[in-house]
1. To the nearest 10 degrees, how steep is helix 651-661 against the longest Cα principal axis of the chain, on a 0 to 90 scale?
2. Would you calculate the separation in nanometres between label points at residue 164 and residue 66, each defined as 7 Å from the Cα along the Cα-to-beta-carbon direction?
3. In Å and whole numbers, how far do the C-alpha atoms of the stretch 577-689 stretch along each principal axis, longest first?
4. Using the C-alpha atoms of the stretch 304-573, what convex hull volume per residue, in cubic angstrom, is computed?
5. Can you tell me the Rg and Dmax of the stretch 354-464, counting just the alpha carbons, in angstroms?
6. Roughly how many Å is it from the Cα centre of the stretch 452-498 to that of the stretch 706-755, as a whole number?
7. Dividing the alpha-carbon radius of gyration of the stretch 476-581 by 2.2 N^0.38 Å (N being the number of residues), what value is obtained?
8. Cα axis of helix 686-701 to longest principal axis of the chain: angle in degrees, 0 to 90, nearest 10?
């Protein structure tokens, strides 16, 4: 399961895509005007007569007239009378090209934004008689040319035909042909537009061609970029449904791949890299063998001999990012610094000056951010609070070819909120609604480094932050020595919410850490004249040497974490202790929140927003602790490594986690209900808002998959397990503690208690919602609830609760509480027998 699960996680995360480096393409360093072999205006040999046009094919000048506007590059792109023509050189037929389709702009829809990838294909342009075809080769199944299985795999991987074009003209030296590609981008070609999943979601019927057009087609030395506006008729369109349609701007990028693919590096579940998989039938194995490769840039030393001696060597081709000219000048140095921070990691792989960032050249008409030779940090004037680091990689080898990092202006508000809620208790720099430029600059640098890490091939490592003891994160000397709050900037470790007043001087930020250096060493170290199989043996040895050291632990998070070490937004090796420190700081922030968000002449918008951040941070702490209940540690291993891969969290740790939640989440958090703060922005919403938060924590505990793991633990570990009977008893006694003493049951507790009955009824009467196949690896194994112990245990708990409520009723005289408890009995009866 470990390998399959990690593979699916990496595949799901691999919507990120990366930038340039085609050493074997001579034209890559030329300007657009330097392409004589592709220029019909320059005859190659004066004595060569013009080839007469073939029947049905017009003379070149009749098709591409003097009125045509021509853009030179990979192909010549001609625009004439609203039509677009590609002039394809013979030298580029049958060359493989990677085509990536993304949103350029989207309507206002949650979860979609410009830059999100929609599809990826390899194209080969093929010429046959009077036509040109786009063929789509597949690399899902492979076999080496010299293996017995080569012909069989070839015969089972017929290249699909995406589109066909009549040849309109041939240039005068017969070195290129002209085709009309207008309809390829203006008609409804699904692989170049919205995928079927979105068509189904929004009930799209057809494309409205009257409201669809090609915006631009630009040709560069190794790529062609197409932008088109497409309108789809939709009966359930996002946004304004009265329009009955969805309009999006689509960006199609076609990038020439190297003739000779870069040497692939096999992936390993114990070290985090984005990657891809293929079924290799050419291997000497008695089954269809799946091979997986990582995504990485092509880095080779300028001086191989010095590299072999262990000296730091510059790469033949440096990884270079350019800063979008639209980026505000004051933030550019911090974005650049975030890129250069990774040089420390590349030194672990033997390279110096491996990566840098530069200002985009000013007044250079040949430089464009859409030119695939240049990787760019793109700055978007958008209220989206996000940044993303995609990369385009060669599907044949995993080589990263190009990357454009997307940077939305409003990411500054996101990091402002994090920094405030996690550090303001000890950090004066965070106690203001607008940070100093130096403070915001360092936050931008942190996000820049994180996103650049994705473009280097690194996914999130949610397991990294567990490496450091909680109390060590209160130590200035420890955090300075370790360079931050976690061994990896690719974790969502955020900022140091553990540090308490008196710990001033402690490092508050994450940075490039020991795990990052290890991952870059593993992925980018250069081995001369070794096969991928030989490299894998050395890499495996390195990995085993580091096994068991939490600094080098790699863990991926699912939506409902199974391994409590691998979850986002957490710090330290003890979630209960870390969360206790975090809540102590939230209790220090709330009494000062109005003062620290004050803006003269402004309404209380900041106060409302940051109060919501406090509530959200408190909820995260509950999630961090809850993951220990039914938790299973996952330590990927190979046959050479001893010990189990899967280990259940210890009984006492699970029991302590539930007690923490009973005390901190289910006992009404009155410290958060300061009416002097709430009456500034909340008219009547806090009761339901807190109810929804508490219900989320409760339902996460009484989750089918979590309870099934609790049962599994009991079977495997017997008396040493935190079994379901004890778990449910502790939960009931915590949520219904007033019944034993006759204590007041306040509004929040009454809401929680009703939610408890509702959830127990759900366990008793409902089935687990089927998980779509594409998300199955994230959900863990599903169970048949009707055949498990969950329902009988839920029924027993409701019966025990009914007895407790009946016994407690005489203690209460309050009409509200009496009516609540009488209603509880009715609800229990309905849950036990829903047919009544």
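The numbers here are math on the coordinates, done by the rules we state, and not lab data. Just so you know, these numbers come straight off a predicted model, no measurement behind them. So basically every Cβ, Gly included, is an ideal-geometry build from the backbone, and we count neighbours across all protein chains shown.
1. 80
2. It is 3.8 nm.
3. Principal extents (largest minus smallest coordinate, Cα): 67, 28, 23 Å.
4. Values: hull volume 42.0 nm³, N = 270.
It comes to 156 Å³ per residue, whole-number rounded.
5. In order Rg, Dmax, the Cα atoms of the stretch 354-464 give 16.6, 52 Å.
6. 34
7. Working: Rg = 16.6 Å, N = 106, 2.2 N^0.38 = 12.9 Å.
The value comes to 1.28.
8. In the chain, helix 686-701 runs at an angle near 80 degrees to the longest axis.
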